[in-house]
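K.L.:
Could you have a look at this structure, given as C-alpha cells, before my questions?
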Amino acid sequence: MSKDIVQIFDTTLRDGEQVPGCKLDTTQKLVIAERLELLGVDVIEAGFPVSSPGDFKSVQEIAKLVKNATVCGLTRAVKKDIEVAAEALKFAKRPRIHTGIGTSESHIKFKFNSNKDAIIERAVEAVSYAKSFVEDVEFYAEDAGRTDNEFLARVCEAVIKAGATVLNIPDTTGYCLPDEYGAKIKYLYENVKGIDRAILSCHCHNDLGLATANSIAGVINGARQIECTINGIGERAGNTALEEVVMILRQHPTLGLDTNINSKLLNDTSRMVSQKMGMMVQPNKAIVGANAFAHSSGIHQDGVIKNRETYEIIDPLDVGVDESSIVLTARSGRAALAYRAKIVGYELTKKQLDIVYEEFLKYADKKKEIVDEDIHEIIETSNINIESVA
Ligand code: KIV
Ligand code: ZN
C-alpha cells in the first residue's frame, strides 16, 4: 500500500529554543540545522528573525546552508516582522514565511482588544503581504485549540483566498483532548472552501501530556504536516516530540501514513540537541530516553532474552540504538544474571547460578544497579569452584 507522506516541520530552533536556558548561538544552530536536514525533516523553522539581530543572523545563515529542506521564519501579523523575515530568508532555496494571529475569544479580547472581523482583516493583510515576498506562506491561528470551529473555518477560508499554502492549527495551550483536536481538523477539512489548495498542520503543546496524541489525531483526520521538536522541547511542557510521531506512524502501517525521516538517526540527534541545549532527556522518555530499551524486571528480562519482541515493539537498531540492555537490579531473575555473567565471561552451570544468585540478591538489595565489576566480584567471592567457570 502506498503511504501518504506527513511533512515534518521541525521547530526545535524556534519554539524549542524559546525555552529558558536553551538559547543557542548561530554556530550551534547551524550544526543542528545541518543535522535536521540529514535526518530528513521537510521544513526547518529556523527562528523569529525580527526578535533579535542574533536570531536574524541565524535564520540568514541557515537559509544559505540548507540545501533541500524548506527554511521558515516566524512573524507576527505585523508588516515590519514580515519584511525582516523576508530579508533573512532571501538566500533560502525554499523560503517560507510563517505568519499569524490569535483567533480565540481570549486572544481577540485580551491580547488585541479587537473583534472577529478585524482579526480576519489583519490575517488576510499579513498573508497577502508575506505573499508579495515568497510563494510559500504558512498561516497560524494562534490558540486555535480554544477557537470555535466555525470562526476558525472563516479565518482559514479567508487566508487561503489570500494565498496561504499551509494552515497551522496550534493547540497553543495544550488544552485539547485527542478526539476534540481530531474533530477540529476534520471539521476544517470538510468545511473550509479551497482547502484542497492548502495543507493543514498540527502544532500541539504538551501541557496535559497530550501533544503527541493530538498530533496523531490530527493526521488521522486529514492534516498532512506535524510541527514538532527533537526531544519534545518547547514552551512550558514542550511541543510534540518529533521522534514519537515518526515512530508511531512507522509502527502503525495500517494508518497508511509515513514521513521522510531516517529513523536510524533519531537517537544520535536527540543526544546532540540535548547536549547543545544543556537540556537533559528524562530516562523514561519514549524512543530516545536512556531506559527506552532497558529491561530490569525478572519477568521482562526472561522474555526479552528468549525473544526481544516479547517486550519490545521497536527494534532498537531502527532508532539508532545498538541493542537493548538487560539491567541488573534486585528485581532481576536468574535468566538475566546468567545472561549478563556470560557477556562478561562466565558460563555458569545451573548449580553455580543458584549459588551466585543468592549472593547477587544480597548485593542488589544494597545497590540500585549491579554493574559488570560487581558481577566479577560476586562470582569471585561466591563459594563456587572458580576453575570450572569459563
Ligand atoms: O504555539 C503556538 O501557537 C505557536 C505559534 C507561534 C505557531 O508557537
Ligand atoms: Zn508553539
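K.L.:
Which of the residues spanning segment 60-90 are over 28 Å from ASP258 (Cα atoms) and either open to solvent by less than 20 Å² (accessible area, probe 1.4 Å) or among the aromatic types (Phe, Trp, Tyr) (or both)?
P.N.:
If the condition is that a residue be over 28 Å from ASP258 (Cα atoms) and either open to solvent by less than 20 Å² (accessible area, probe 1.4 Å) or among the aromatic types (Phe, Trp, Tyr) (or both), then THR75, ALA77, ASP81, ILE82, ALA85, ALA86, ALA88, LEU89 are the ones that fit.
K.L.:
Within segment 282-322, which residues are more than 24 Å from VAL371 (Cβ to Cβ), at pLDDT below 95 and not in a helix (DSSP H, G or I)?
P.N.:
ASN307
K.L.:
Name the residues in segment 239-274 that are away from ligand 2 (no atom under 16 Å from the Cβ) and either basic (Lys, Arg) or in a loop (DSSP other than H, G, I, E, B) (or both), would you?
P.N.:
Scanning segment 239-274 gives ARG250, HIS252, GLY256, THR259, ASN260, ILE261, ASN262, LYS264, ARG271.
K.L.:
Can I ask one more? Assess whether ILE305 counts as being assigned by TED's automatic domain parsing to the domain that holds TYR363, open to solvent by 50 Å² or more (accessible area, probe 1.4 Å), among the β-branched types (Val, Ile, Thr) and under 25 Å from ASP268 (Cα atoms).
P.N.:
No; evaluated as a whole, the condition is false for this residue.
K.L.:
All but one of (1) open to solvent by less than 60 Å² (accessible area, probe 1.4 Å); (2) away from ligand 1 (no atom under 16 Å from the Cβ); (3) farther than 15 Å from LYS276 by Cβ hold for SER2; which doesn't?
P.N.:
Of everything listed in (1) open to solvent by less than 60 Å² (accessible area, probe 1.4 Å); (2) away from ligand 1 (no atom under 16 Å from the Cβ); (3) farther than 15 Å from LYS276 by Cβ, SER2 misses just condition (1).
K.L.:
Follow-up. Given the residues ALA241, ALA237, which is the only one that is outside the structural domain of PRO316 (by TED's automatic domain parsing), without any contact (Cβ under 8 Å) to a residue 60 or more places away in the chain and not β-branched (Val, Ile, Thr)?
P.N.:
Result of the check over ALA241, ALA237: ALA241.
K.L.:
With over 30 Å from MET279 (Cβ atoms), hydroxyl-bearing (Ser, Thr, Tyr) and modelled with pLDDT of 95 or more as the only criterion, which of THR229, THR147 stands out?
P.N.:
THR147
K.L.:
Can you name the condition, by its number, that ARG236 falls short on among (1) within 14 Å of ligand 2 (Cβ to nearest atom); (2) crowded, with 17+ Cβ neighbours inside 10 Å; (3) of a type outside the set (Gly, Ala, Ser)?
P.N.:
Going through (1) within 14 Å of ligand 2 (Cβ to nearest atom); (2) crowded, with 17+ Cβ neighbours inside 10 Å; (3) of a type outside the set (Gly, Ala, Ser) one by one, ARG236 breaks only (2).
K.L.:
Which of the residues belonging to segment 161-187 are away from ligand 1 (no atom under 16 Å from the Cβ), within 19 Å of SER104 (Cα to Cα) and either of a type in the set (A, V, I, L, M) or surrounded by 24 or more Cβ atoms within 10 Å (Cβ to Cβ) (or both)?
P.N.:
LEU177, ALA183, listed by residue number.
K.L.:
Let me ask something else. Any chance you could count how many residues in segment 91-107 are open to solvent by less than 10 Å² (accessible area, probe 1.4 Å), of a type outside the set (Ser, Thr, Tyr) and either part of a helix (DSSP H, G or I) or farther than 19 Å from LYS57 by Cα (or both)?
P.N.:
Going through segment 91-107 one residue at a time, the tally reaches 3.
K.L.:
Just to check your reading of the model, which residue among LEU13, LEU36 is open to solvent by less than 40 Å² (accessible area, probe 1.4 Å), within 16 Å of ligand 2 (Cβ to nearest atom) and assigned to a helix (DSSP H, G or I)?
P.N.:
Selected residue: LEU13, the only one of LEU13, LEU36 that is open to solvent by less than 40 Å² (accessible area, probe 1.4 Å), within 16 Å of ligand 2 (Cβ to nearest atom) and assigned to a helix (DSSP H, G or I).
K.L.:
Which residue out of GLY174, GLY163 is outside any helix (DSSP H, G or I) and more than 16 Å from ligand 2 (Cβ to nearest atom)?
P.N.:
Exactly one residue qualifies, and that residue is GLY163.
K.L.:
Check whether at least one residue in segment 19-31 is within 14 Å of ligand 1 (Cβ to nearest atom) and crowded, with 24+ Cβ neighbours inside 10 Å, and report yes or no.
P.N.:
Within segment 19-31, not a single residue is within 14 Å of ligand 1 (Cβ to nearest atom) and crowded, with 24+ Cβ neighbours inside 10 Å.
K.L.:
On to the next question. Within segment 125-140, is there a residue that is within 15 Å of ligand 1 (Cβ to nearest atom), under 27 Å from ALA46 (Cβ atoms) and in contact (Cβ under 8 Å) with a residue 60 or more places away in the chain?
P.N.:
So far as segment 125-140 goes, yes, one or more of its residues are within 15 Å of ligand 1 (Cβ to nearest atom), under 27 Å from ALA46 (Cβ atoms) and in contact (Cβ under 8 Å) with a residue 60 or more places away in the chain.
K.L.:
Additional query: Give segment 325-352 a look and list any residue that's open to solvent by 20 Å² or more (accessible area, probe 1.4 Å) and among the hydrophobic types (A, V, I, L, M, F, W, C), or say none.
P.N.:
Across segment 325-352, the qualifying residues are VAL327, ALA330, ALA335, ALA338, ILE343, VAL344, LEU348.
K.L.:
Next up: Find all pairs meeting these conditions: Cβ atoms under 7 angstrom apart; at least six residues apart or on different chains; first residue within segment 156-182 and under 22 Å from ASP136 (Cβ atoms); second residue assigned to a helix (DSSP H, G or I) and within 15 Å of ligand 2 (Cβ to nearest atom).
P.N.:
Partner pairs satisfying both residue conditions: ILE169/ALA144; PRO170/ALA144; PRO170/GLY145.
The values are calculated or read from the model by the stated rules, or taken from the named source; none is laboratory data. Everything numeric in this text was worked out from a predicted model, so none of it was measured. Reconstructed Cβ throughout: ideal geometry from the backbone, glycine too, with neighbour counts over all protein chains shown. Accessible surface areas use protein heavy atoms only, side chains included; no ligands, DNA or RNA. Shrake-Rupley method; radii C 1.70, N 1.55, O 1.52, S 1.80 Å.
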